[in-house]
Every structure is written in structure tokens, then in C-alpha cells.
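J.: One structure is given below, represented as C-alpha cells, and several questions about it will come after.
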Amino acid sequence: MRRETQTLFGLMLSSFIVNLGFGAILPFMAIYANNFFHVWDWGFVKVNIVTQIGLLTSAMMISRAFLAPFYGKISDKAGRKPLMVVGMAMYVILTFGFGLAQAFWSLFLVRFFQGIASALVWPIAESAVVDISPNDKRGRNLGWFILSMSLGWSVGPFLGGGLFSLSELIVNTEVAAFRVAFFFMGAISSISFIVFNLMVIDPKTQKAKMSIKEIGIAIKEVIIVTVKIRPSIPEFLKPSFWKERTGSLRALFIMGFSNGFGFSMVFPILSLFLEERYLLSPNYIGYVFGIAGIAGVVFNPIGGYLADKTSKKVLVIITAMSSGILLFFLGFEMGLYALIGLFVGRQMVQQVNMPAFRALQADLIEAEKRGSEFGNVQMFFNLGAVIGPIIGGVIYDHFRYDSWNIAGLTTYGIEVILLITTIIAFFSALVTLLFVKKKDMVVFTKIPSQEEKEIVSVVIEGE
């Protein structure tokens, strides 16, 4: 029990600090990039700034999508911690990278390597939480772990907005103020690496602290296995990939893709929308994100508790539909308090959905395949999130300054994107309803062990 508690707490605390840093950076990324990006005009084609902002998200998601299943499979065999400790070290370096970026391509590379770090940490961390959790505590422990992530994301915008305001007193430009804030967050994120290394116990060695030599070996091994990856036909494009898995798991993959596509169409441009349509400064945008996040965090452990006590499937369906409905109304003109209320409501629903969806995954995936299949679910989410920002950026730029009057209500151009994401949310709920079966297990073709052969032989001889 002590080891379970220590490892869970270590994962939660380091997760909180990492997400605190990125929660202080990413909500403002569109505003930051909008200050020094330029339209690409190649004569036959123009790439607008909003599309470039979408490409930043795609850069992270494509590296994460490609590598998450690969690293997950390695973690099933080599252990969880060595891979995660490399990812945590990368996060520290990359946080400083946000402040050092001078143009699109440098920021693009930072986001690309952030995707690699993400693939090394989050799918494997979820598997690690499930590994240490008894069956009746999976939803609860996953809920607490996701709570730590969500709390970091919730407090982060407050911190980012506050640091931006303080930085404006030191430097003269908005870009420079963002850079100072990002450097400060880099210093804070280094704490997450220390916490993770000292507290999270490696099941393979039964100890927590990794020496500098061991960390160096882990980094070397990750580099070696990564550079050995060769382009090939992705597994999910092969018929055998789908044939070997149950309908429930196939449904999880479709849901993951849909959720990633819908989320990434909106999130990268949301702060830009709030700045342009509501004339909010970065610190006020931080308040909107922060208030909604903190209010929603309260519902995260509730989501984990409900996932353990009620039907995970029903919970996922209800929250997916509710989230889509609330998101739909974001494109309508409203007062600031109504806007915050809408953000709060959707965040509450999302915080119930996340632990329920993770716990549903755990129920449908065999323990020895958990790392790789959690990685596959993340891969499909990331594939959706590669495409979503590009399409969302193109659509938003086209309707960016448009507005319409519908039944006496003013609707902004972003509503086109929100309508698409609402339809996707309902589609995801429908897939869950029709195809997910709680007791399904993943089907894999395997060579029988000697013990299994002997049992079969006895049965045949008995007949």
C-alpha cells in the first residue's frame, strides 16, 4: 500500500508541475505566435497565420501519434520509469525552448519534440497508475491522476497571465513579456523532474531514485531505439490490426480519433478568438481559462468515483453529448460572466468524462497489453489532433471576421467550427452506445505455452 501511495503521489505531483508549466504557456500560444509570425505567400498558395498556429499543434501531435504506441510497447517489456524519466527531462528543456523561439520553424521544432516527450510520459504514466491499482480502485486512482493534470492546467493560466502582467513592467513588448514568463516556467518545471525521479518507484528495480548514470543509460537507450525506427506501413492500416481486436477496442480507437479531431479544431485558436471578439488581454484570458479549470477540477474525483460505482459506458455517452452541446453555444455573443459560466460548465463535464473514459479503456484491455493499447488509443487521438488544427485554422481564417444574426442572436464566425465539433461529439457518443461492450477483451493470436499444450492434450485424450 505504501508503494502504491508513494508512486501515485509522485506521478500526481510531477504531473501537476509539468501541466502547470504548459497551462501557463499553451493557452496564450496563438497570441504569442500572432505577434511574430508572417503570412507565407508563395504566389500559387498563401498560408495564413492562423493556419500556421494550427500547424504548431499538428507538429506535436504527429510525433506523439507516431511514437506513443511504440514507446508503450517498449514500456510493457522494459519497464515504465526509464522511458518516463527521459520524457520528464525533455519537458524541462522544452519549456525554455518556448521562450527562445524566434520564428515559426523554431517554435515548430519545440512543439515537435514536445510530442516526443508526451509520447514518453503520458500513455505510459496512465498504464503505470493502472498497474499499481486494485480493480476496484482503477477509476478512482485514474481520477486522482487526471485531477493532478487538470489542476495544473487550471492554475497554469492564472500563473501565465499573472507572469505576463509582471513581465510587461520589465520589458517593452508583448512578445518579450511572454518570453520572460516562459523562462520562469522553465525554472519551475525542473522541479517536476526531481519529484518524479525521487518518488516514483520502478517495479522492475523496486526503487525510486535513478542515478545520473542510470538516467544517462535510459537517455541513450531511448535515442537508440528511436533512431532505429524505420518508415513502414502503419500497423493500423493493416487489416490484421483491426481483425485482432474486439469491436469495443475498435470503437475506442474511433472515439479517440473523433475526440482529438474535435478538440484540436477549437483549442489552438480559442485565445485568439477571445482577444479579437471580446477584446480580452492575456491576463483576462488567463482568468477565463483558470476559473473554468479550477471549477471543473472539483468534478474530476467525482468522475472517478462515478466510474467505479456506475456504468462507465453510460457516463462517457452522457458527458460527450453534454460537452458538445455546451461547446456549440460558445460562438454566440454573450457577456463576460455568461462566457465564464459556459467555460465552467463544459470543463465540469469534461472532468467527469476523462476518468470515466480511461477507466473504460482499462476494463477493455488486458494487463500485459495495457501500455501498447493505451498508446494506440492516444495515437488515434493524436492523429485526429494532427488534422483538426489545420482544418480549423483554414475555416477560422475564412470566417474570422464574419458574424450573423440568428433568431435575434449575434453569432460569430467561429460557430462554423463549433457546429462541426458538436456533430463529432454526438458521433463519438453514438459509437460508444452501439459498439462498446464492457466485458470485451482484446483478441490476440499467440503461440500456446507448453502448459497450455499439456492441458489440451489431456482434454483430447480424455475424450
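J.: What number of residues within the stretch 113-144 are among the acidic types (Asp, Glu) and touching a Leu at 6+ places or on another chain (Cβ under 9 Å)?
T.: Going through the stretch 113-144 one residue at a time, the tally reaches 1.
J.: Might you let me know whether the stretch 89-97 holds any residue that is in contact with a Pro (Cβ under 9 Å, 6 or more places away or on another chain), closer than 28 Å to Ala367 by Cβ and crowded, with 19+ Cβ neighbours inside 10 Å?
T.: Taking every residue of the stretch 89-97 in turn, none turns out to be in contact with a Pro (Cβ under 9 Å, 6 or more places away or on another chain), closer than 28 Å to Ala367 by Cβ and crowded, with 19+ Cβ neighbours inside 10 Å.
J.: State yes or no: is Lys446 at pLDDT 50 or above and loosely packed, with under 14 Cβ neighbours inside 10 Å?
T.: no
J.: Wholly within the stretch 164-259, which helices (runs of 4 or more DSSP H) include no fewer than the required count, namely at least 3 residues that are touching a Leu at 6+ places or on another chain (Cβ under 8 Å)?
T.: Those helices (runs of 4 or more DSSP H) span 174-199, 212-227.
J.: Still on this structure, please answer the following. Using the structure shown, decide if Leu383 is assigned to a helix (DSSP H, G or I) and under 15 Å from the mean Cα position of the chain (by Cα).
T.: Considered against the rule, which asks whether it is assigned to a helix (DSSP H, G or I) and under 15 Å from the mean Cα position of the chain (by Cα), Leu383 comes out as yes.
J.: Return a yes/no flag: does the stretch 40-53 have any residue that is out of contact with any Asp or Glu (no Cβ under 9 Å at 6 or more places or on another chain), in a helix (DSSP H, G or I) and of a type in the set (Val, Ile, Thr).
T.: Scanning the stretch 40-53 turns up at least one residue that is out of contact with any Asp or Glu (no Cβ under 9 Å at 6 or more places or on another chain), in a helix (DSSP H, G or I) and of a type in the set (Val, Ile, Thr).
To keep it simple, each residue is scored yes or no on (1) crowded, with 22+ Cβ neighbours inside 10 Å; (2) among the hydrophobic types (A, V, I, L, M, F, W, C).
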site	(1), (2)
Gln114	yes, no
Ala117	yes, yes
Pro123	yes, no
Val129	yes, yes
Ser133	no, no
Asp136	no, no
Arg140	no, no
Ile146	yes, yes
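J.: Testing Gln351 on (1) assigned to a helix (DSSP H, G or I); (2) over 23 Å from Ala128 (Cβ atoms), one condition comes back false. Which one is that?
T.: For Gln351, the exception is condition (2).
J.: Let me ask you something else. Assess whether Tyr337 counts as being of a type in the set (Ser, Thr, Tyr), over 24 Å from Ser248 (Cβ atoms) and either modelled with pLDDT under 90 or not in a helix (DSSP H, G or I) (or both).
T.: So Tyr337 does not fit the description; no.
J.: Tally the residues that are of a type in the set (A, V, I, L, M) and closer than 28 Å to Ala177 by Cα, restricting the search to the stretch 87-136.
T.: 14
J.: Of all residues being hydroxyl-bearing (Ser, Thr, Tyr) and within 15 Å of the chain's Cα centre (by Cα) in the stretch 52-111, which is nearest to Tyr32 (Cα to Cα)? Just the residue, please.
T.: Here the residue is Thr57.
J.: Here's something else I'd like to know. Considering only the stretch 201-232, state which residues are more than 14 Å from Ala78 (Cβ to Cβ) and among the polar types (S, T, N, Q).
T.: Gln206, Ser211, Ser232
J.: Given the criterion farther than 18 Å from Leu315 by Cα, surrounded by 11 or more Cβ atoms within 10 Å (Cβ to Cβ) and either in contact with a Cys (Cβ under 8 Å, 6 or more places away or on another chain) or modelled with pLDDT of 90 or more (or both), identify the matching residue among Leu419, Leu409.
T.: Leu419
J.: Could you list all residues from the stretch 296-312 that are surrounded by fewer than 21 Cβ atoms within 10 Å (Cβ to Cβ) and among the charged types (D, E, K, R)?
T.: Hits for the stretch 296-312 are Asp308, Lys309.
J.: Looking at Glu333, Glu368, can you tell me which residue is touching a residue at least 12 places away in the same chain (Cβ under 8 Å), acidic (Asp, Glu), surrounded by fewer than 21 Cβ atoms within 10 Å (Cβ to Cβ) and within 23 Å of Ile420 (Cβ to Cβ)?
T.: Of Glu333, Glu368, the one residue that is touching a residue at least 12 places away in the same chain (Cβ under 8 Å), acidic (Asp, Glu), surrounded by fewer than 21 Cβ atoms within 10 Å (Cβ to Cβ) and within 23 Å of Ile420 (Cβ to Cβ) is Glu333.
J.: Might you check whether a residue that is within 19 Å of the chain's Cα centre (by Cα) and either crowded, with 22+ Cβ neighbours inside 10 Å or among the acidic types (Asp, Glu) (or both) occurs anywhere in the stretch 226-238?
T.: No, the stretch 226-238 has no match at all.
J.: Scanning for something among the charged types (D, E, K, R) and crowded, with 23+ Cβ neighbours inside 10 Å, does the stretch 265-280 turn up at least one residue?
T.: No: zero hits.
Quick grid of which residues meet (1) among the aliphatic types (A, V, I, L, M); (2) surrounded by fewer than 19 Cβ atoms within 10 Å (Cβ to Cβ):
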{"residue": "Leu109", "(1), (2)": "yes, yes"}
{"residue": "Gly162", "(1), (2)": "no, yes"}
{"residue": "Asn172", "(1), (2)": "no, yes"}
{"residue": "Ala177", "(1), (2)": "yes, no"}
{"residue": "Ala181", "(1), (2)": "yes, no"}
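J.: From the residues in the stretch 64-79 that are in contact (Cβ under 8 Å) with a residue 40 or more places away in the chain and among the basic types (Lys, Arg), which one is surrounded by the fewest Cβ atoms within 10 Å (Cβ to Cβ)?
T.: The qualifying residue surrounded by the fewest Cβ atoms within 10 Å (Cβ to Cβ) is Lys73.
J.: Continuing with the same structure: Please go through (1) at pLDDT 85 or above; (2) within 30 Å of Ile49 (Cα to Cα) for Asn382 and return the number of the only condition it doesn't satisfy.
T.: All conditions are met except number (1).
The values are calculated or read from the model by the stated rules, or taken from the named source; none is laboratory data. A quick note: this is a predicted structure, and the numbers were derived from the prediction, not measured. Every residue, glycine as well, gets a Cβ built from its backbone with ideal geometry; the counts of neighbours run over all protein chains shown.
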